[in-house]
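Take a look at the structure set out below.
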Amino acid sequence: MTLVVDEMRDAIIELAGNRRGDETRDRWLERAARAAGISFRTAKAFFNREAKNPGIEAVEKVRVALRQNTPADLGQIRDKLQYLQAEQNRIAEQVQALARALERAASRSQAAPL
């Protein structure tokens, strides 16, 4: 059942598309729910992996919506991937900078006289 749970989460993310900066997570999930023809609560449960035994009707609606959604949105998916890769790089740089700052602080505290 885990495969279906993961499939539904990925599908909801894809159907919702890029989240705008001023958009709440609930609004973003509402967009996915509308695209799939399912309730907001079901979309949220799929996204949060709370639907351990999802109804076949909702699963099929999401799958149909994905099939209908795919060709036109490949550019959007590509854009999302590029954005996430850039974010990953930015976060990695921040982690490295924090690690260096921590090392400097640790060496200063060891060098300080008691």
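A few comments on the model shown:
- Filtered residues of segment 2-33 (kept if under 10 Å from VAL62 (Cα atoms) and more than 14 Å from the chain's Cα centre (by Cα)): ALA33
- Among the candidates GLN82, GLN76, GLN94, GLN68, residue that is in a helix (DSSP H, G or I), modelled with pLDDT under 90 and more than 16 Å from the chain's Cα centre (by Cα): GLN68
- Odd one out for ALA51, checked against (1) without any contact (Cβ under 8 Å) to a residue 60 or more places away in the chain; (2) part of a helix (DSSP H, G or I): (2)
- Checked across segment 40-48, the condition of being closer than 28 Å to THR2 by Cα, surrounded by 13 or more Cβ atoms within 10 Å (Cβ to Cβ) and not assigned by TED's automatic domain parsing to the domain that holds THR2 holds for no residue.
The values are calculated or read from the model by the stated rules, or taken from the named source; none is laboratory data. The shown structure was predicted, so the numbers you read here are calculated from the model rather than taken from an experiment. As a convention, Cβ positions derive from the backbone with ideal geometry for all residues, glycine included, and neighbour counts pool all protein chains shown.
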